[in-house]
Amino acid sequence: MDKYAVIGSPISHSLSPKIHAAFAQQTGQELEYTAIEIKPEEFFDRLNELQNAGYRGLNVTLPLKGLAWEAADTCSADCNRAQAVNVLALNSDGSRHGFNTDGSGLLRDLTVTNGIRLEGRRILIVGAGGAVRGILAPLLRSGPLRITVANRTADKALELAESFSDLGEIEGCGLDGIAPKHSAQLYDLVINGTAAGIDNSLPALPDDILAPGAVTYDLMYARQPTAFVKWGRDHGARLALDGLGMLVEQAAESFYIWRTVKPDPRPVLAMLRA
Ligand code: ATR
């Protein structure tokens, strides 16, 4: 039976094994999928071991996405720009192909599952780490009016904005640059891509930044509403979403990459929400 896994650290709470088991059942595919704890310092050795042991694909999560990009023999232009890979396809001849399905997973969750239009919208993204690098290209291609990337360390946001500026209107700033100067600059969509949620804290955000009907989206998810989901609800967001939908969508795309069969993410998302 072909073997697959999600790798990262920590990994014990990952929902990916459950998601892929549901996809396998839904599509009648026989495969094994587990969660394997791998720390950055052991990444390359463990990757070789897994590939030699017959693993055919890996989902890669924190903090290994940059290393997975380094380990891939080939990958898409978007992976190279993001310098992050979240899906590896492993071949028996030892070659490895990298993909990044985070951005397309987010886009599908926003536009298909939740019916949100991105064309002409003002988008604020808070954070400038790997999670944000992975979603910027697909978001810029969806035609927003402007994307503002704001980060605690302003320089990182400025650099990031500069490196994606050929794809659309994008600017970088510190958290003190978020506040709109007038109402026409309020944000239609605010995405939290910081790691602050790991200890259930929030980046310091001004109160009045959401346009009427705005949506907030936390790239993270948790069993309970995250601190940022609560922030969205408390500040009048029409929808305050967490990253579970994105997780299931990116998983469906990785399943397709490995098995060339596309599972339906909707019943799996409904099962997890229930
Ligand atoms: P990842 O790959 O998950 O994005 P990362 O590269 O370590 O992880 O980036 C984490 C992001 O969360 C960064 O943008 C970080 O801000 P800094 O660049 O200033 O470090 C942001 N972050 C982490 N904790 C935060 C907090 N408590 N408030 C605001 N931003 C925070």
If amide H atoms are modeled at 1.01 Å from N in the peptide plane, then the residues at a separation of 5 or more from LEU241, or on another chain, having amide H under 5 Å from its own are THR216, TYR217, ASP218
If I build a Gaussian network model for the chain, linking alpha-carbon pairs within less than 10 angstrom, which residue out of LEU247, LEU202, LEU88 has the largest mean-square fluctuation? LEU202
Considering Cα pairs under 8 angstrom that are at least six residues apart, work out the relative contact order of the chain and quote it in whole percent. 15
What is the antiparallel percent of DSSP beta bridges lying wholly in the chain, to the nearest 5? 15
Taking 0.36 nm per intervening residue step and subtracting the Cα-Cα distance, what contour gain separates VAL112 from GLU41 on full extension? 21.7 nm
Per residue Cα convex hull volume for the chain, in cubic angstrom? 121
Dipole size in debye (nearest 20) for the chain around its Cα centre, Lys and Arg Cβ +1, Asp and Glu Cβ -1? 720
Per the beta carbon screen (other Cys under 4.7 Å), unpartnered cysteines of the chain come out as CYS173
Where is the GNM fluctuation largest for the chain (alpha-carbon springs, 10 angstrom cutoff): GLN224, GLN25, GLN51? GLN224
Cut-off under 5 Å, modelled amide H: who pairs with ILE125 long-range: THR148, VAL149, ALA150, ILE191
Can you give the % of DSSP beta bridges in the stretch 81-196 that are antiparallel, to the nearest 5? 20
What list do you get for MET1, MET220, MET246 if you sort them by fewest beta carbons within 10 Å? MET1, MET220, MET246
With the dipole of the chain defined by +1 on each Lys or Arg Cβ and -1 on each Asp or Glu Cβ, the option from VAL85, HIS97, ILE116 whose Cα lies farthest towards the positive pole is ILE116
Difference of contour (0.36 nm per residue) and Cα-Cα distance, ASP73 to ARG223: 50.4 nm
State, in angstrom, two size descriptors of the stretch 138-231 derived from its alpha carbons: Rg to one decimal place and Dmax to the nearest whole number. 13.4, 38
Provide ILE7, ILE178 in ascending order of the number of other Cβ atoms located within 10 Å of each residue's Cβ, fewest first. ILE178, ILE7
Dividing the mean separation of Cα pairs under 8 Å (6+ apart) by the residue count of the stretch 145-198 yields a relative contact order in percent of 33
Do you know the relative contact order of the stretch 208-274, to the nearest whole percent, from alpha carbon pairs under 8 angstrom that are 6+ apart? 27
Which far-off residues, 5 or more places away or on another chain, put their amide H under 5 Å from the one on VAL6, with H placed in the peptide plane? THR34, ALA35, ILE36, ASN59
Per-residue Cβ neighbour rank within 10 angstrom, fewest leading, ASP207, ASP218: ASP207, ASP218
Between LEU186 and ASP264, what is 0.36 nm times their sequence separation minus the Cα-Cα distance? Round to one decimal in nm. 24.6 nm
How large is ³J(HN,Hα), in whole Hz, for each residue of the stretch 108-123 in order, when computed from phi with the Karplus curve 6.51 cos²θ - 1.76 cosθ + 1.60 and θ = phi - 60°, using x for Gly and Pro? 5, 5, 5, 8, 7, 5, 10, x, 8, 8, 9, 4, x, 8, 8, 10
Restricting to lysine pairs 8 or more places apart or on different chains, what number in the chain have Cα atoms under 26 Å apart? 13
Just to confirm the filter: which trypsin sites (Lys or Arg not before Pro) across the stretch 192-274 are DSSP coil and have at most 11 other Cβ within 10 angstrom of their Cβ? ARG223
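Where a number appears in this text, it was derived from the coordinates with a stated rule and is not lab data. Bear in mind that the values here come from a model prediction, so they are computed numbers and not experimental data. A quick note on method: Cβ atoms are made from the backbone with ideal geometry, for glycine too, and the neighbour counts reach across all protein chains shown.
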